[in-house]
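Report on the structure given below.
Please treat every number below as a calculation from the coordinates, not as lab data. The shown structure was predicted, so the numbers you read here are calculated from the model rather than taken from an experiment. So basically every Cβ, Gly included, is an ideal-geometry build from the backbone, and we count neighbours across all protein chains shown.
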Amino acid sequence: MSGEQVALPFTLMRGGTSKAVFLRGADLPPSGALRDRMILALFGSPDPRQIDGLGGADILTSKLAIIDPPSRPDVDLNYTFAQVSVSEPVVDYDIICGNISAAVGAYAVDEGLVSPEESEATVRIYNTNTDRVFRAMVPVQRGRAAIDGDCVIDGVPGSGAPIALDLSGTYGSETGALLPTGNPLDVLETGIGSVEVSIVDLASLCVFFHASAVGLDGTEGPDAVSGDHVAAVVAVKEATSKLLGLAPDALTPIPAAVAAPTDYVGFGNGDPVATADVDLVARVIGGRPPMLHKAYPGASAACTAVAARIPGTVVAQVVQQLEPGTLRIGHTSGVMSVGVAVAPDGDTWQVQRASYDRTARRLAEGTAFVRRAEAGADGR
């Protein structure tokens, strides 16, 4: 479009407990400052309400999926995930969103990027953020991604058709190893003292620690997490980044506080979660600025499940009632189950399974408009 605005074709999709704008890479400038400038303008960032853009004014709804043709012969498409800060002029590319990954599978089916075989399509996705390939098994109805089904996701109203994600091949994506330090347990000196942590790199690099180490009990909702809690979590994250030689202001390692199962009330719906319904409770406090996630990141859930199967980790220490092949995580909005299997492999572990079901749905499609002055001189 000529004049004062630039037109961008887009699709809006929900994936699990998140929502993202989907764009084709060809409709954006090349990777770099100009691309980020256009993305920020599209989302209306920085602004707490994102009132002048498509952002949802929340860490779970200010997300972008960039889809490109496959760059390797064993995949169906390239997927780049971007976390768009609500309050800062920053676009982060250092994580994979395990919830939006399900929507990528559905998008691929709806856009004809794969050819479904009868009732299911297996979508092979190359994630550029992690340089790893994962698969999404998408149920198909009349050639489109199925919508209706019995899969219930805590934190999402209603039910839908289950999309199965397998992230077992994403280990070591940031550090090259499932256990970056070679240890299931490390003790870090942080701004709040000595803290036991387990650093695990699968899907998203995570650092796990006892909730009590940062003054939490692991069952908090958003209103119960104070600035002091957040500061303590940031201290653990920064000490982990220093140990690994990573940038202290990156989104990873994702900090996850864990504790033994206990009764609590889920955020939003107010439904009770019983001790017997979960194998542990966990809370992720991250993002830009850091805050308690209102659900549980899918990639972090896969990482949590793998950590739970490795003896000696902080996660394994708190797990109770663990059933073979499954970990039930009690998170802010309810319970998430992850299928998991690991096996000894010399001095480390082989991840045989790290999978979970999400639902996804196309919400809107059309043309978005970005102010040309904000997107760049020529909009491209």
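Assorted remarks:
- Spin-label model, Ala224 to Asp277: label points 7 Å out along the Cα-to-beta-carbon direction sit 1.4 nm apart.
- Relative to the current alpha-carbon distance between Gln141 and Asn269, full extension at 0.36 nm per residue lengthens the span by 43.0 nm.
- Each Lys or Arg adds one and each Asp or Glu subtracts one; over the other residues with Cβ under 13 Å from the Cβ of Arg309, this totals -2.
- Under 19 Å from the Glu196 label point (7 Å along Cα→beta-carbon), backbone N, segment 279-321: 279-283, 304-321
- Each label was represented as a point 7 Å from its Cα along the Cα-to-Cβ direction; for Thr181 and Leu322 these points are 1.9 nm apart.
- Efficiency of FRET from Cβ geometry, Arg371 and Gln350, R₀ 41 Å, rounded to 0.05: 0.20
- Across segment 186-356, the relative contact order, built from alpha-carbon pairs under 8 Å that are at least six residues apart, equals 22 percent.
- Working note: 222 nm ellipticity from helices only, DSSP H runs with n ≥ 4, each -39,500 (n - 2.57), summed and divided by the residues of the chain, gives -4500 deg cm²/dmol to the nearest 500.
- Under 23 Å, Cα to Cα: Lys pairs in the chain, sequence gap 8 or more or different chains: 5
- Under 11 Å, Cβ to Cβ, from Val140 - net charge with Lys/Arg +1 and Asp/Glu -1: -2
- Antiparallel %, DSSP beta bridges [both residues in the chain], to 5: 85 percent
- Annotation: amide H of Val140 within the under-5 Å range of Glu120, Ala121, Ala146, sequence separation 5 or more or interchain, hydrogens built in the peptide plane.
- With K and R counted +1 and D and E -1, the other residues having a Cβ less than 11 Å from that of Pro255 yield a net charge of +1.
- For a label point 7 Å along the Cα-to-beta-carbon line of Arg72, residues of segment 332-346 with backbone N under 19 Å: none
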